[in-house]
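Input: a single structure, listed below in structure tokens.
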There are 2 protein chains.
Amino acid sequence: MQGRTYTADAEPGDTVKVAGWVHEIRDLGGIAFLILRDKSGKIQVKFEKDEMDDDLVETGLGVHRESVVVVEGDVEEEPRAPTGVEVTPESVEVLADADPELPLDPSGKVDAELSTRLDNRTLDLRKDEVKAIFEIRAEVLRAVREKFRDVYATEINTPKIVATGTEGGTELFPITYFGKEAFMNQSPQLFKQLMVGSGLERVFEIGPIFRAEEHNTPRHLNEATSIDFESAFADHQEAMDVCEAVVKAAYEAVDENCQEELEALDLQDEFEAPEGDFPRLSYEEAIERINATGKLDEQLVWGDDLPTEGEKALGEDVGTHYFITDWPSEIKPFYIKDHDDDEQLSTGFDMMHPNMELVSGGQREHRYEHLVEGFEQQGLDPESFEYYTKMFKYGMPPHAGFGLGGERLIMTMLGLGNIREAVLFPRDRQRLSP
Amino acid sequence: MQGRTYTADAEPGDTVKVAGWVHEIRDLGGIAFLILRDKSGKIQVKFEKDEMDDDLVETGLGVHRESVVVVEGDVEEEPRAPTGVEVTPESVEVLADADPELPLDPSGKVDAELSTRLDNRTLDLRKDEVKAIFEIRAEVLRAVREKFRDVYATEINTPKIVATGTEGGTELFPITYFGKEAFMNQSPQLFKQLMVGSGLERVFEIGPIFRAEEHNTPRHLNEATSIDFESAFADHQEAMDVCEAVVKAAYEAVDENCQEELEALDLQDEFEAPEGDFPRLSYEEAIERINATGKLDEQLVWGDDLPTEGEKALGEDVGTHYFITDWPSEIKPFYIKDHDDDEQLSTGFDMMHPNMELVSGGQREHRYEHLVEGFEQQGLDPESFEYYTKMFKYGMPPHAGFGLGGERLIMTMLGLGNIREAVLFPRDRQRLSP
């Protein structure tokens, strides 16, 4: 809008045109206030009824809450106004009138269920504390991309429509693709690996992944954002180094650039970028420490996957982000390389927030024969993955990488109770709209 | 890899460990050279057969082209070497042997069909000129994001699985979503509009879009990257300003940061960031100018869409990027607003590269009643879009935006003959793999 001033930039002495939503109208009799809200904040507009044109007063005070208005007028100092200034309007124009019955109260005075909020995201994101989540999300993605570039990774985009899934036919959404069966990709795993064998060597991708998992929990989504990294000539230790650097960079950027958003979420005191190295526990140490907490009904033994309560007990015990390394090979996917000196032991790793798993990664199997064998052991037909396996015959370097759950990163960073709060329009078993 | 040096960083006097692909072996009898290639460039490794350990010579010279090797040794000045230095090896290790029969020649000496290249992208991207396209693509996306942030837009991610398409049921790929019918989204249009009514006001998204278009041409993809922008309180003129700034920023960043890549593509002399304002032609002027070229068999009349030959004739005539504005309302989608003083005339615009359309945008219809009417006129049931339309009752500001085709931007910038060259793993009517 030509000549528009953000409310946050309105200084005493300015003549401004401000535009935004009617946040509140306070009528004190002879004097009344319209609080106008825009992207940058709020500003008070003062109506002195006896001294102003009737039409102006009627327009400014007769409008419903959440209507969109443009106000032109002079800014004056007013210590009693919320931002220390107020506008005396010369004109008020209503650009879009709002229905007086709102399905959700953007002032936040009336609590709403998450499902009502998700059905009305437009209104929900008029609340400072909800908007703040998505401003922080954008900053996290910016910082993560920057850190990847700092370590010489190239951003790539791989296809979301695929002929075969990464780990076979389970948990895939089927598509009809010009009469052929196809699927929505559940992970860029195979494609990013193909790129480390190219001249790019080191790549990252931030994009949607699709998983037809049946479970409906506060920490699963059927469409999520995956932050993927893969590097030639790296082993699992170097992949962990990059992983740690990326997560720290995200926290540091939020700490540095999002104090206002943290305040909106009432996290300004609590929020801390993790310091020091993330401890790297072997799987063996992990199960010993979990068993030692005594919090599990049954003791874990070598070969068990970690149950959710086990992860929680360990997270409380460790108290910071940490890695679990050296998993039993049999509970890691076939494309993860085993240790050269012990093929029962995998180079796979998980990176954990005290509350949940954020990352899974490892060094990959780059030897053609071992890879094809792995497909067979997993019960997959190597033929249907020939586009992938055959490239391992033409000089595929050793490589490692990881996948970091974007929404889980935001959720744990901000202490959100439900992963759906970190997505504008989440998709789950029940929710397909908006 | 611990202690690895990129070949480009190897300086005379250094002892280095370099790792990469065997680009070439030149055996001159008593002396032989292995040219090792990595992400950063190439380096010559010298084998003096009589003065070196037989095993070392055998390993270094017996390896097939495109195998992956690690070489440790001393770097010396050698003016006759391609980069002015060479490595005298202390050790050579083969990390991955390549099959001597390659489906594609990464040295580029043997030409390959595009389809062979796409089937073997890993090898294809070992060529400098192909790798350069994707380094440039990554830089374009970086620069575009930065420019959007400069104009206070927030990056968002909207769902790719949707219950209804933007413009109804045509050209959508159907999905089975937990037993329900759903679709892969063809555009973030409706979702980004919902966000301008939120506290974010101004948003952008770079993500995949999916179109089940039947035509198989050198400039269409069934899965593409859309660069979307939408802003509250903006009209079509302001959307055009942002669009122009974003495209210019992409060119300027490539000019500034990708000279090496432009050289690999032999574009270093030709490449120019567009200067001056992009001309804004009305649709009426556009058809007049096309008719005046005399290149069309039949004269265009008001209401005709522009045929491809028309776009080409006009592009040659104008010679730079340009906008076409003020289209007839009936050939623009229902969500585009008409001019207030002439409802036959739409605020829709296209932004054109001389060779093809890159962008389509406009001011949007933000008035609830007009919007619902538009759905009906388009033959769509407003009920199925209620999640979208109802938000227009609660204070939806005037807004405008655009969608820019990511691959078309790269294709026209680099003069690529086929849009598939700008995608790592393109999807078209025939191609679903790799």
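The values are calculated or read from the model by the stated rules, or taken from the named source; none is laboratory data. Not measured: the values here are computed from a predicted model. Backbone-built Cβ (ideal geometry, glycine too); neighbour counts: all protein chains shown.
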All positions within segment B:226-238 that are more than 30 Å from B:Pro434 (Cα to Cα) and away from every other protein chain (no Cβ under 12 Å): B:Phe229, B:Glu230, B:His236
Need a quick list: strands (runs of 3 or more DSSP E) entirely within segment A:167-259 having at least 1 residues that are in contact with a Gly (Cβ under 6 Å, 6 or more places away or on another chain) and outside the structural domain of A:Arg367 (by the TED database). none
Under 6 Å between Cβ atoms, at least 6 apart or on separate chains: pull out the pairs that start in segment B:209-225 with a residue that is more than 8 Å from every other protein chain (Cβ to nearest Cβ) and end on any residue that is of a type in the set (Gly, Ala, Ser). B:Ile209/B:Ser187; B:Ile209/B:Ala224; B:Ile209/B:Ser226
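Report yes if A:Val162 is aliphatic (A, V, I, L, M), closer than 23 Å to A:Gly361 by Cα and over 21 Å from the mean Cα position of the chain (by Cα), otherwise no.
Details: aliphatic (A, V, I, L, M): yes; closer than 23 Å to A:Gly361 by Cα: yes; over 21 Å from the mean Cα position of the chain (by Cα): yes.
Taking the combined requirement at face value, the residue satisfies it.
For A:Asp350, indicate whether it is within 14 Å of chain B (Cβ to nearest Cβ) and among the acidic types (Asp, Glu).
It is false that A:Asp350 is within 14 Å of chain B (Cβ to nearest Cβ) and among the acidic types (Asp, Glu).
Matching residues to (1) out of contact with any Lys or Arg (no Cβ under 8 Å at 6 or more places or on another chain); (2) closer than 30 Å to B:Ala132 by Cβ:
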{"position": "B:Cys258", "(1), (2)": "yes, yes"}
{"position": "B:Gln268", "(1), (2)": "yes, yes"}
{"position": "B:Glu272", "(1), (2)": "yes, yes"}
{"position": "B:Pro279", "(1), (2)": "yes, no"}
{"position": "B:Ser282", "(1), (2)": "yes, no"}
{"position": "B:Leu296", "(1), (2)": "yes, no"}
{"position": "B:Gly303", "(1), (2)": "yes, no"}
{"position": "B:Glu309", "(1), (2)": "no, no"}
The correct count of residues that are without any contact (Cβ under 8 Å) to a residue 12 or more places away in the chain and not hydrophobic (A, V, I, L, M, F, W, C) in segment A:404-434 is 1
Given the criteria hydrophobic (A, V, I, L, M, F, W, C), in contact with a Lys or Arg (Cβ under 7 Å, 6 or more places away or on another chain) and closer than 26 Å to B:Asp105 by Cβ, does B:Val22 qualify? yes
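Table: residues versus (1) surrounded by 15 or more Cβ atoms within 10 Å (Cβ to Cβ); (2) over 39 Å from the mean Cα position of the chain (by Cα); (3) not acidic (Asp, Glu).
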| residue | (1), (2), (3) |
| --- | --- |
| A:Gly20 | yes, no, yes |
| A:Leu28 | no, yes, yes |
| A:Phe33 | yes, no, yes |
| A:Val45 | yes, no, yes |
| A:Arg65 | yes, no, yes |
| A:Val70 | yes, no, yes |
| A:Val75 | yes, no, yes |
| A:Arg80 | no, no, yes |
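Out of B:Gly379, B:Gly374, B:Gly361, B:Gly395, which single residue is small (Gly, Ala, Ser) and within 14 Å of another protein chain (Cβ to nearest Cβ)? Lay out the reasoning, then the answer.
Values: B:Gly379 fails: within 14 Å of another protein chain (Cβ to nearest Cβ); B:Gly374 fails: within 14 Å of another protein chain (Cβ to nearest Cβ); B:Gly361 fails: within 14 Å of another protein chain (Cβ to nearest Cβ).
Only one candidate qualifies: B:Gly395.
Could you tell me whether B:Glu72 is more than 11 Å from chain A (Cβ to nearest Cβ) and either free of Cβ contacts under 8 Å to residues at least 40 places away in the same chain or aliphatic (A, V, I, L, M) (or both)? Show your work before the answer.
Values: more than 11 Å from chain A (Cβ to nearest Cβ): yes; either free of Cβ contacts under 8 Å to residues at least 40 places away in the same chain or aliphatic (A, V, I, L, M) (or both): no.
In short, no.
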Output the strands (runs of 3 or more DSSP E) that fall wholly within segment A:281-380 and possess 1 or more residues being surrounded by 14 or more Cβ atoms within 10 Å (Cβ to Cβ) and touching a residue at least 24 places away in the same chain (Cβ under 8 Å), or say none. A:322-325, A:349-353, A:356-363
If you check A:Leu281 against the conditions, is it hydrophobic (A, V, I, L, M, F, W, C) and within 19 Å of A:Met413 (Cβ to Cβ)? no
If you check B:Arg408, B:Arg427, which single one turns out to be assigned to a helix (DSSP H, G or I) and closer than 28 Å to A:Phe204 by Cβ? B:Arg408
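Tell me whether segment B:253-268 contains one or more residues that are of a type in the set (Gly, Ala, Ser) and buried (at least 21 other Cβ atoms within 10 Å of the Cβ).
Taking segment B:253-268 and keeping what is of a type in the set (Gly, Ala, Ser), we get B:253, B:264.
Now restrict to residues that are buried (at least 21 other Cβ atoms within 10 Å of the Cβ): none.
No - not one qualifying residue is present in segment B:253-268.
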Specify which of the listed residues (B:Leu380, B:Leu432) is over 18 Å from B:Arg137 (Cβ atoms) and not assigned by the TED database to the domain that holds B:Gln189. B:Leu432
Those residues of segment B:145-186 which are more than 7 Å from chain A (Cβ to nearest Cβ) and on the phi > 0 side of the Ramachandran plot amount to B:Tyr152, B:Gly168, B:Glu171, B:Gly179
Give the residue that is farthest from B:Asp428 (Cα to Cα), with candidates limited to residues of segment B:197-208 that are at the interface with chain A (Cβ under 8 Å from one of its Cβ atoms) and not charged (D, E, K, R). B:Gly199
Failed item, numbered, when A:Val87 is tested on (1) touching a residue at least 24 places away in the same chain (Cβ under 8 Å); (2) within 14 Å of another protein chain (Cβ to nearest Cβ); (3) not basic (Lys, Arg): (2)
Could you look through segment B:88-102, keep only residues that are out of contact with any His (no Cβ under 8 Å at 6 or more places or on another chain) and of a type in the set (D, E, K, R), and pick out the one that is nearest to B:Glu51 (Cα to Cα)? B:Glu90
As an exercise: evaluate A:Leu424 against (1) closer than 30 Å to A:Glu270 by Cβ; (2) more than 14 Å from chain B (Cβ to nearest Cβ) and give the number of the one condition it does not meet. (2)
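Looking at segment A:383-401, is at least one residue in a loop (DSSP other than H, G, I, E, B), surrounded by fewer than 19 Cβ atoms within 10 Å (Cβ to Cβ) and of a type in the set (Gly, Ala, Ser)? Before the answer, list the steps.
As a first pass, look at segment A:383-401 and keep what is in a loop (DSSP other than H, G, I, E, B): A:395-398.
Filter again for surrounded by fewer than 19 Cβ atoms within 10 Å (Cβ to Cβ), leaving none.
Within segment A:383-401, none of the residues are in a loop (DSSP other than H, G, I, E, B), surrounded by fewer than 19 Cβ atoms within 10 Å (Cβ to Cβ) and of a type in the set (Gly, Ala, Ser).
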For residues in segment A:98-131 being more than 9 Å from chain B (Cβ to nearest Cβ), within 18 Å of the chain's Cα centre (by Cα) and in contact (Cβ under 8 Å) with a residue 60 or more places away in the chain, which is farthest from A:Trp21 (Cα to Cα)? A:Leu114
The lone exception for B:Glu135 - which of (1) more than 21 Å from A:Leu190 (Cα to Cα); (2) facing another protein chain (nearest Cβ under 8 Å) it fails: (1)
